[in-house]
1. To check you understand DSSP bridge types, tell me what percent of the beta bridges within the chain (both residues inside) are antiparallel, rounded to 5.
2. Using only alpha carbon pairs under 8 Å that are at least six residues apart, calculate the relative contact order of segment 3-289 and give it in whole percent.
3. So which helices of the chain fit the span-like rule, where a helix is a whole DSSP H run, its Cα atoms reach 27 Å or more along the axis, and its mean Kyte-Doolittle is at least 0.5?
4. Could you give the length gained on full extension between Lys147 and Val249, defined as 0.36 nm per residue of separation minus the Cα-Cα distance, in nm?
5. Among the trypsin sites (Lys or Arg not before Pro) in segment 88-193, which ones are in a DSSP loop with at most 12 other Cβ atoms within 10 Å of the Cβ? Mind listing them?
6. On a full-extension model of 0.36 nm per residue, what is the gain between Arg120 and Glu273, subtracting their alpha-carbon distance, rounded to one decimal in nm?
7. If R₀ is 35 angstrom, what is the calculated FRET efficiency for the pair Thr76 and Gln191, using the beta carbon separation as r and rounding to 0.05?
8. Given DSSP loops and a limit of at most 10 other Cβ atoms within 10 Å, what is the longest stretch of the chain that contains no such GluC sites (Glu not before Pro)?
Amino acid sequence: MSVNRRIATLLVAATLAAAGALAAHDMFLKLPAYFLEPDADVEVALVNGTFDRSENVITRDRMGDVSIVRPGGEVTHPPSSAWRDSAVHHENPDSVDTSILGFRTGGTGTYVIGVSTKARILSLSAEDFNAYLEHDGVLDILEARKKRGETDLPATERYSKHVKAIVQVGEIRTDTYGDELDYPAEFMPLQNPYGLTMGDTLELRFLHRGHPVASQLVYASYERYHAHGDTDAVAHREAVETRTDADGVARIPLSQAGRWYVRTIRMVETVDEPEVDYESNWATVTFEIGR
């Protein structure tokens, strides 16, 4: 192999590795199907990466809260023994990259499953931090850095992730879909997703530390949307990009049937913390829409 060709190969490999690192951010609770039977054993994957593929397990010591809200409002907290680690894709069946929660459904109704992680601190170079903001859609912070001439400054971020899944057991819909888990960042649906079908619009209020957030960038998409011609490694491309209104409400047009996610990152500058520049709280919610 010529020197030039070898250099080109290494550059491509480095670019792909960087793109992979950028993509490995989001966290979701994902089920094979969100329409479940009563009194059935169920497994829920905690996917850390993209909606289509997990990149690593989440160790139990990182989980600040694990909750299951059942019809009637009963909340249970599965123990660490309810989790196992496994692979959920077929490219490398020997890999272990996904944390999986097992639990048993009970009576009919709408359930909410939630996981909230403890905060971690990450320091990034200016280039990597700017690329992360662009890729994951934290565009207001990126624009603020540009306006202040700070895009050449590195950044230290304290981050945590708060994820929910809304599932339907049996035929009876219940209002537990709207039960709040009191996470630092959380989507609160204003309608039961299982009362909607393809073509409807789902409204969700975004809360940060219990308060609605206006003008928050919110993204949503359905499973395998990225597979439809999306080769852009610079930034996410999703079916819906919107902002919350004055009451913190985002509206998601449900253009397809199947498994959906809604996501956002609420990032703010820290005050009186010399060692941390930003705090971010990531929030996602997943559900399934019928035809």
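The numbers here are math on the coordinates, done by the rules we state, and not lab data. Being a predicted model, the structure only gives us computed values, none of them experimental. A quick note on method: Cβ atoms are made from the backbone with ideal geometry, for glycine too, and the neighbour counts reach across all protein chains shown.
1. Values: 69 of 81 bridges.
Close to 85 percent.
2. Details: 665 pairs, mean separation 54.0, N = 287.
Normalised by residue count, the contact order of segment 3-289 is 19 percent.
3. Working: long enough: 3-23 (30 Å, 1.34).
Passing helices, by number: 3-23.
4. On the way: separation 102, 0.36 × 102 = 36.72 nm, distance 2.77 nm.
Result: 34.0 nm gained on full extension.
5. The qualifying sites are Lys118, Arg148.
6. Numbers: separation 153, 0.36 × 153 = 55.08 nm, distance 1.49 nm.
Gain in length upon complete extension: 53.6 nm.
7. Values: r = 25 Å, r/R0 = 0.71.
In this case the efficiency is close to 0.90.
8. Details: sites that count: Glu74, Glu91, Glu171, Glu275.
It runs 172-274.
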